[in-house]
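Asker: Questions regarding the structure given below will be posed in turn.
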Amino acid sequence: MLPMEPLDFRSDTVTKPSPEMRKAMAEAEVGDDVLERDPTMQRLEEKVADLLGMEAALWTPSGCMANLIALMLHLSRGDRFLAPEKSHVLGSELGTGAWLAGGMPEALPWDGGPGRPKPATVTAAAGRPGPYFNLRTTLLCLENTHNFAGGAVIPKAEHDALVAAAKAVNLQVHLDGARIWHAATATGASLRDLTASVDSVQVCLSKGLGAPMGSLVCGTKPFIEEARRARKMLGGGVRQGGVVAAAGLVALDYLPRVQEDHGKMKRLATGLRTLGIPAPEPETNILLVPVTDPGPVLARMAEAGVLAVPVGSSIRFIAHRDLSEADIETALARLAPMASWLQAG
Ligand SMILES: Cc1ncc(COP(=O)(O)O)c(C=O)c1O
């Protein structure tokens with residue numbers, strides 16, 4: 001019997017570059033991006049800035065670096081920044097917002113819905129300017145979709161209300177839009193709708209779109225000029241970056257197909273419920289299934305040929321372009337014999 005190929009739901013970052021993407025990388029027109037700029041890189045940066053309705057963009061190798069650069073430019077020592085609980089910038093970036101960007105983080109509750117605070121909570125948390133020895137709250141970070149809230153979307157009206165609340169108390173707004181593509185797809189809003197009035201946004205080409213690496217931090221032209229300096233400080237200047245920018249340009253062609261990944265995750269959730277497993281209805285391509293103790297369940301799932309990861313006391317599944325609709329049915333068939341484990345945890 002052939003060995004069983006595992007179905008990898010651990011993340012939408014596990015995709016492999018397609019043959020078309022590898023061809024574009026091999027044939028990319030390149031230059032030295034640290035010196036006179038790389039033409040393919042420049043094309044990607046201009047295209048993404050335009051898609052998002054921002055003045056300019058800068059490529060970075062990762063979403064963490066893009067978030068960090070934005071926070072370094074927004075924050076000074078003695079500042080505080082606000083972000084919804086379990087945001088990537090709070091818990092998954094090794095505290096760089098504090099120790100490299102110099103801001104004191106404060107988590108906001110999800111009282112506005114999964115992954116987001118109410119506008120009034122932002123206002124209250126910002127407080128008022130106090131004596132010189134008080135922290136100054138200067139920045140609100142939002143995350144759309146919110147990874148650890150199960151890919152929850154901040155809809156356009158709530159985005160606008162949160163940004164307006166932040167601006168009313170003189171906060172800058174940074175949006176971690178690693179999966180903004182998924183938020184726009186799920187709500188029918190445009191990418192520009194979901195970045196409206198933010199000071200900076202970072203987006204990932206490696207999450208769901210299939211690029212092997214690459215994110216872009218976007219903002220005004222002067223902001224991006226400073227961002228280029230910050231990236232260099234972090235050792236992130238890329239020379240013939242066009243090789244990876246070419247992959248990013250091909251990745252953007254997947255945008256009209258993001259909907260397919262949402263459909264795959266909905267099908268997985270429906271199938272799990274049919275097996276008696278309490279799967280919620282996913283908003284995008286992420287599904288969190290609550291269990292009592294993820295460790296042993298994940299080990300059994302791996303033996304059955306289905307890979308996922310723990311997120312708190314849930315098991316996280318993410319759909320992506322390298323999993324087909326047939327793979328979802330295969331995953332359900334593999335999980336069926338162990339349904340009681342997933343029910344009881
Ligand atoms: C919401 C969010 N922001 C930022 C990142 C960081 O991206 P990277 O892994 O490219 O550094 C991730 C990674 O999964 C993420 O989910």
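Bear in mind that the values in this text are calculations on the coordinates, not laboratory data. Please read all numbers here as calculations on a predicted model, not as lab measurements. Here the Cβ is made from the backbone with ideal geometry for all residues, glycine too, and neighbour counts use every protein chain on show.
Asker: Residue farthest toward the positive end of the dipole of the chain, with Cβ of Lys/Arg at +1 and Asp/Glu at -1: which of 76, 133, 306?
Answerer: Farthest towards the positive end: 133.
Asker: What percentages make up the Cα-Cα pair-distance distribution of the chain when the bins are 20 Å wide from 0?
Answerer: Histogramming the chain at 20 Å steps yields 31, 55, 14, 0 percent.
Asker: Taking chymotrypsin sites (Phe, Trp or Tyr not before Pro) as candidate sites, keep only those in a DSSP loop with at most 13 other Cβ atoms within 10 Å, then name the longest stretch of the chain containing none of them.
Answerer: 134-345
Asker: In whole angstrom, how far apart do the alpha carbon centroids of the stretch 36-95 and the stretch 183-219 sit?
Answerer: When both Cα centres are located, 11 Å separates them.
Asker: Looking at the chain, what % of its DSSP beta bridges pair antiparallel, to the nearest 5? Can you show the working numbers first?
Answerer: Working: 19 of 40 bridges.
Of those bridges, close to 50 percent are antiparallel.
Asker: Same structure again: Got a sec to turn the phi values of the stretch 5-13 into Karplus ³J(HN,Hα) couplings, 6.51 cos²θ - 1.76 cosθ + 1.60 with θ = phi - 60°, whole Hz, x for Gly and Pro?
Answerer: Here the 3J(HN,Hα) series is 6, x, 8, 9, 9, 5, 6, 8, 9 Hz.
Asker: Ok, one more. Hey, what's the per residue convex hull volume over the C-alpha atoms of the stretch 1-104, in cubic angstrom?
Answerer: Hull volume normalised by residue count: 185 Å³.
Asker: Using a simple charge model, +1 on the beta-carbon of Lys and Arg, -1 on the beta-carbon of Asp and Glu, nothing else, what dipole does the stretch 44-90 show about its Cα centre, in debye to the nearest 20?
Answerer: That gives a dipole near 280 debye.
Asker: Please work out how much length the chain gains when fully extended from residue 273 to residue 99, using 0.36 nm per residue of separation minus the C-alpha to C-alpha distance, in nm with one decimal.
Answerer: On the way: separation 174, 0.36 × 174 = 62.64 nm, distance 4.36 nm.
Additional length available on full extension: 58.3 nm.
Asker: Right, here's the next one. Averaged across orientations, what area in nm² does the convex hull of the alpha carbons in the stretch 257-344 project?
Answerer: On the way: hull surface 19.7 nm².
Quarter of the Cα hull surface area: 4.9 nm².
Asker: Between residue 5 and residue 22, what length comes free when the chain is fully extended (0.36 nm per residue of separation minus the Cα-Cα distance, one decimal in nm)?
Answerer: 3.8 nm
Asker: Would you kindly derive the ³J(HN,Hα) couplings of the stretch 253-258 from the backbone phi angles with the Karplus curve 6.51 cos²θ - 1.76 cosθ + 1.60 (θ = phi - 60°), listing them in order in whole Hz, with x for Gly and Pro?
Answerer: 5, 7, 3, x, 9, 4
Asker: Identify, among 251, 339, 205, the residue whose Cα sits farthest towards the positive end of the charge dipole of the chain, taking +1 on the Cβ of Lys and Arg and -1 on the Cβ of Asp and Glu, with the dipole about the Cα centre.
Answerer: Of the listed residues, the answer is 339.
Asker: Can you pull the one-decimal nm distance between simple spin-label points at residue 50 and residue 229, each 7 Å off the Cα toward Cβ?
Answerer: 2.9 nm
Asker: Residues of the stretch 33-62 with the amide nitrogen closer than 19 Å to a label point 7 Å from the Cα of residue 220, along Cα-to-Cβ, please.
Answerer: From the stretch 33-62, the list is 49-50, 52-58.
Asker: Treat every Asp and Glu Cβ in the stretch 231-307 as -1 and every Lys and Arg Cβ as +1, leave all other atoms uncharged, and give the resulting dipole magnitude about the Cα centre to the nearest 20 debye. Kindly include the intermediate steps, with their values, before the conclusion.
Answerer: Numbers: 9 positive and 7 negative charges, 64 e Å.
My answer is approximately 300 debye.
Asker: With springs only between Cα atoms under 10 Å, which of 101, 168, 247 fluctuates most in a Gaussian network model of the chain?
Answerer: In this elastic network of the chain, the residue with the biggest mean-square fluctuation among 101, 168, 247 is 168.
Asker: Next question, about the same structure. Roughly how big is the chain's charge dipole about its Cα centre, with Cβ charges of +1 (Lys, Arg) and -1 (Asp, Glu), in debye to the nearest 20?
Answerer: 540 debye
Asker: If you don't mind, another one. What does the charge count around residue 207 come to, taking other residues whose C-beta lies under 9 Å from its C-beta (Lys +1, Arg +1, Asp -1, Glu -1)?
Answerer: With Lys, Arg at +1 and Asp, Glu at -1, the net is 0.
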